[in-house]
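Working notes, structure below.
The values are calculated or read from the model by the stated rules, or taken from the named source; none is laboratory data. It should be emphasised that the depicted structure is a prediction, and the values quoted were computed from it without experimental measurement. Here the Cβ positions follow ideal geometry from the backbone for every residue, glycine too, while neighbour counts run over all protein chains shown. Surface areas here come from the heavy atoms of the whole protein model, side chains and all, with no ligands, DNA or RNA. Shrake-Rupley method; radii C 1.70, N 1.55, O 1.52, S 1.80 Å.
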Amino acid sequence: QVQLVESGGGLVQPGGSLRLSCAASRNILSINVMGWYRQAPGKEREPVAGISGTGITTYADSVKGRFIISRDNAKNTFYLEMNSLEPEDTAVYYCNVDFPAYLWYSGTYWGRGTQVTVSS
């Protein structure tokens, strides 16, 4: 019922910046929460940043002060601005949205993931 398309991943040097985008096929004004997760090889998927329908943002301790989550309702797209990137940030990044129960397409949806590699 809902498709998420991620873009913006790539290879950057330590200290560099990158912006990830997640385009949704439904109106994100209706989203309960949207966010970004990441998964490194051999590790579990972990939350990175999230934003609620009321604009409340949360960040993992490891990225506070470096990453910013935002959204553009007109484009049905949300973003993750990543600054001061470190090798430890290397992972596949996934976008995630959750729609409320009153919608026929309610539920949780995931993107396919985009690779971010931080290396010199």
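Order the peptides 56-68, 106-118 from the highest to the lowest mean number of other Cβ atoms within 10 Å of their residues.
106-118, 56-68
Taking amide hydrogens as modeled 1.01 Å from N in the peptide plane, which residues meet the under 5 Å criterion relative to residue 67, leaving out close sequence neighbours?
83
What is the dipole size for the range 1-52, taken about its Cα centre, with +1 at each Lys and Arg Cβ and -1 at each Asp and Glu Cβ, in debye to the nearest 20?
In debye, rounded to 20, the range 1-52 gives about 40.
Considering only DSSP states other than H, G, I, E and B, which GluC sites (Glu not before Pro) in the range 31-120 qualify as loop sites with at most 10 other Cβ atoms within 10 Å? List each step's numbers first, then the result.
Numbers: sites: 44, 81, 88; in loops: 44.
Loop-located and lightly packed - 44.
Any idea what the dipole of the chain comes to, in debye rounded to 20, about its Cα centre with Lys/Arg Cβ at +1 and Asp/Glu Cβ at -1?
Charge dipole, the chain, about its Cα centre: 260 debye, nearest 20.
If you take the Cα atoms of the range 2-75, find Rg, then find the Kirkwood Rh from the mean of 1/r over all pairs, what is Rg/Rh?
With Rh from the inverse mean 1/r over Cα pairs, Rg/Rh is 0.96.
For the range 30-74, what is the charge dipole size about the Cα centre, in debye to the nearest 20, if Lys and Arg each add +1 at the Cβ and Asp and Glu each add -1 at the Cβ? Mind dumping the intermediate values first?
Working: 6 positive and 4 negative charges, 20 e Å.
Around 100 debye, computed over the range 30-74.
Leaving out ligands, DNA and RNA, and with a 1.4 Å probe, what % of the accessible surface on the chain is carbon or sulfur? Before the final figure, lay out each step's value.
Values: 3110 of 6390 Å².
Whole-percent figure for carbon plus sulfur exposure: 49.
Would you give the gap between the C-alpha center of the range 72-118 and the C-alpha center of the range 1-62, rounded to a whole Å?
A separation of 3 Å, based on Cα centres.
Count the net charge of all other residues whose Cβ sits under 13 Å from the Cβ of residue 52, scoring Lys and Arg as +1 and Asp and Glu as -1.
Here the count lands on 0.
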